[in-house]
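Colleague: Here it is, the structure in full.
The values are calculated or read from the model by the stated rules, or taken from the named source; none is laboratory data. Keep in mind it's a predicted model, so treat the numbers as computed, not measured. Positions of Cβ are backbone-derived with ideal geometry, glycine not excepted, and every protein chain shown enters the neighbour counts.
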Amino acid sequence: MSTTVITNATIVTCDPARTVLHDSAIAIAGGRIAAVGAAASEAAQVPGARVVDGRGKAVFPGLINCHAHLTANLFRGIAEDFGFPSSFSFPEDPRDMVSDEETVVMALLGAIECARTGSTTTVEIAGGIDRYAEDLSRTGLRWVLAENTGDGIVEPTFRAGEPVFSYSEARREEDLERAGRLFEGWHGGKSDRITCMGSTSLVETSSPALLRGVRELAEKHDSRYTIHLNQSRLEVESLTLMRGVRPTQSLFHNDYLGPRLLAAHCRFLDPSEISLLGTTRSNIAHQPAMAARRAVIPPIPALRDAGCVIGMGTDNNTQDMVEVMRTGLFTERILRQDGTNPQPEDVLQMTTMGSARAIGMAGEIGSLEVGKKADLMIVNARRSNLAPTTRIVSAFVHNGQPSDIESVMVDGEFVMRDGKVLTIDEEAVIEAADEIGRRVWRRLVDRYPNVPFPVTLPPGGC
Ligand SMILES: [Zn+2]
C-alpha cells in the first residue's frame, strides 16, 4: 500500500484541541490518515512514499456542506434578489423544463463548484436524484443523497410556505418508493463514499403519514432525515392556520424531531420551538449566506445553547462554503452585537466537525486525525490576501478565496490537483450550463408573458 505524505506544511487538524501544526506533515495510506506530525515526517523517508511538498501551504479538513440543491444553480442571477418565497412565480419550475442530460450538466456544474470551494462532502437534496447519482459518484467527491418527498396537493403556482389542506396517498407511496429505491441503489456505494438520507421537502406539504414514512425509511437504514423548517414567516402563519401550531411544534407532535433529524434553516423560531429542538437533540443545517440574502439571521446561539448540533450549508444558487464560513462569522457577530464571538476557529469547527456530527459522520470525517478518511484541502498560503500567515485559520476565514484552494482529496485520492479538477470536463460543463440556463429562462418568459418578471434577460438563448 503506497503512502502519500504532504510535508513541510501547516496542518489545521480541527481535532478536539483545535491543534494547528507548523512546518509539519500528514501521511495518507489506504484512503485514510495514517499519521500526523512527527510520525508523518518519518513516513516521508520510507522508500516508495509519494511526497508532496507542502511548503507555503496549509492543509485543512475538507469542508462539509449539510444542505445543497445542486441543480438550483439554474436560478443563479435570478432568485437571489427577490425574497423568499420569491416575488414572482411561474406555473412551471425551470428545473422541470430541462432534459435528464441537461440536469446532469447542472448537477456537475454544482459539483465543480463544490470541489473548487473545498467541499469534500455535500448533502444533495432534490427530487429525481437517480438521474445524476451515477455522474456524481464519478466526481470522486463524497455525497449524501437526500431524495425529496412531498404529498401535498398543490397548484402549479404554489410557493413554499403557502397553506396546504389536502394530501395524496398515491403521491406519498410513489415518493416513498422512489426514496427507498435511491437508498437501495446507492446507500454505502463506492466504498461508502455515497450514502443516503431521508427527506421531506416542506412541513406544509408533508402529511403526518409521510413524516412517519420518511423517519422509518431513515431508521431502517440507520441514517439521518431532513426537512426545511421555519424558513419563512409565511410558513409559520400557514402552519398555524392549517394545524393550529407552529411548524416545529407540528413536527414534535408527529414524532419527527430527534437526533436523526437535520432541520434546515430554522430562521423564524419562537422560544418554545428552540427548546423543543434542543431537548430532542435535533441537528441544525445553518445556511448563513442564503439567510443573509433573505435578510435573516437565524437564532444560532440560542439553538446551540439549547443543545442542538450546528452544521453549515449553502442552499440554492451557489455551493461556496468559503463564503458560508465568512458570512456565518459576520452574521453571528452582528446577532450577538459582539466583535469577538464567534472566533474564526469556531466557524471552521462548525463547518468541519459540526457538519460531520450533524450528518452522523463524525467518526469518519471532519478532522485530520489518525484513522479518519483522508478528505482534505490544500490551501496556498502564499497569497496577497493570506500573508502573513501568523494565524492561518483567521486569515482564511476572514480573507480566503476559493482560488486559494489548490488541491482537494477525498478518500486519499486527488479530485482537484494544482488548480485542475481531475474528474470532470470543467470547460465543457460550464459552457453547456450557460447555454441551458439562458435558453430555459428565455423559454419561460416567452411562454408566460403575463407573469411579471423583474429581470431583463440578455439577447439570445432561444
Ligand atoms: Zn433548501
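Colleague: Quick one: R18 ticks every box in (1) touching a helix residue (DSSP H, G or I) at 6+ places or on another chain (Cβ under 6 Å); (2) under 30 Å from S199 (Cα atoms); (3) surrounded by fewer than 17 Cβ atoms within 10 Å (Cβ to Cβ) except a single one, so which number is it?
Modeller: Of the numbered conditions (1) touching a helix residue (DSSP H, G or I) at 6+ places or on another chain (Cβ under 6 Å); (2) under 30 Å from S199 (Cα atoms); (3) surrounded by fewer than 17 Cβ atoms within 10 Å (Cβ to Cβ), the odd one out for R18 is (2).
Colleague: Can I ask one more? Mind checking whether some residue in segment 412-430 is farther than 27 Å from V59 by Cα, in contact (Cβ under 8 Å) with a residue 24 or more places away in the chain and not small (G, A, S)?
Modeller: yes
Colleague: Ok, one more. Residue by residue through segment 360-392, note down the ones that are of a type in the set (A, V, I, L, M), crowded, with 24+ Cβ neighbours inside 10 Å and either within 19 Å of D320 (Cβ to Cβ) or at pLDDT below 95 (or both).
Modeller: L376, M377, I378, V379
Colleague: Could I ask something else about it? So is V214 among the β-branched types (V, I, T), closer than 24 Å to D175 by Cα, assigned to a helix (DSSP H, G or I) and at pLDDT 95 or above or not?
Modeller: Yes, satisfied.
Colleague: Can you name the residue in segment 91-130 that is touching a Ser or Thr at 6+ places or on another chain (Cβ under 9 Å) and assigned to a loop (DSSP other than H, G, I, E, B) and, of all such residues, is farthest from the ligand (Cβ to nearest atom)?
Modeller: Per the stated criteria, the residue is P91.
Colleague: Do we find that D346 is at pLDDT 95 or above, within 16 Å of the ligand (Cβ to nearest atom) and surrounded by fewer than 24 Cβ atoms within 10 Å (Cβ to Cβ) in this structure?
Modeller: no
Colleague: Separate question: Mind counting the residues in segment 311-353 that are among the hydrophobic types (A, V, I, L, M, F, W, C) and under 28 Å from S86 (Cα atoms)?
Modeller: 9
Colleague: Just name the residue that is surrounded by the fewest Cβ atoms within 10 Å (Cβ to Cβ) out of those in segment 124-147 that are out of contact with any Lys or Arg (no Cβ under 9 Å at 6 or more places or on another chain) and of a type in the set (D, E).
Modeller: Here the residue is E134.
Colleague: On to the next question. List the strands (runs of 3 or more DSSP E) inside segment 1-87, counting only whole elements, that have at least 2 residues being under 20 Å from the mean Cα position of the chain (by Cα).
Modeller: 57-61, 63-68
Colleague: What are the pairs with Cβ atoms under 6 angstrom where one residue, in segment 67-90, is modelled with pLDDT under 95 and charged (D, E, K, R) and the other, located anywhere, is part of a helix (DSSP H, G or I) and away from the ligand (no atom under 12 Å from the Cβ)? Sequence gap at least six, or different chains.
Modeller: E80/R293
Colleague: Cβ contacts < 8 Å: first residue closer than 14 Å to I64 by Cβ, restricted to segment 314-336; second residue among the basic types (K, R) and modelled with pLDDT under 95, any location; separation 6+ or different chain. Result?
Modeller: Matching pairs, first to second residue: none at all.
Colleague: Also, quick follow-up: Report the residue count in segment 226-252 for those that are under 17 Å from L276 (Cα atoms) and either in contact with a strand residue (DSSP E or B) (Cβ under 9 Å, 6 or more places away or on another chain) or among the charged types (D, E, K, R) (or both).
Modeller: Qualifying residue count, segment 226-252: 10.
Colleague: Right, another one. I'm checking my understanding of the structure. Among residues of segment 230-263 that are of a type in the set (K, R) and over 22 Å from the mean Cα position of the chain (by Cα), which one is nearest to T280 (Cα to Cα)?
Modeller: Here the residue is R246.
Colleague: Tell me, yes or no, whether segment 147-167 has at least one residue that is among the small types (G, A, S), in the same structural domain as N73 (by TED's automatic domain parsing), touching a residue at least 60 places away in the same chain (Cβ under 8 Å) and out of contact with any Pro (no Cβ under 6 Å at 6 or more places or on another chain).
Modeller: Yes: one or more hits.
Colleague: While we're looking at this one, here's another question. Which residues, taken from segment 131-166, are in a helix (DSSP H, G or I) and under 21 Å from L262 (Cβ atoms)?
Modeller: Of everything in segment 131-166, those that are in a helix (DSSP H, G or I) and under 21 Å from L262 (Cβ atoms) turn out to be A133, L136.
Colleague: Within segment 177-189, identify whether any single residue is of a type in the set (G, A, S), more than 21 Å from the chain's Cα centre (by Cα), within 24 Å of Y132 (Cβ to Cβ) and assigned by TED's automatic domain parsing to the domain that holds I274, and answer yes or no.
Modeller: Checked segment 177-189: at least one residue is of a type in the set (G, A, S), more than 21 Å from the chain's Cα centre (by Cα), within 24 Å of Y132 (Cβ to Cβ) and assigned by TED's automatic domain parsing to the domain that holds I274.
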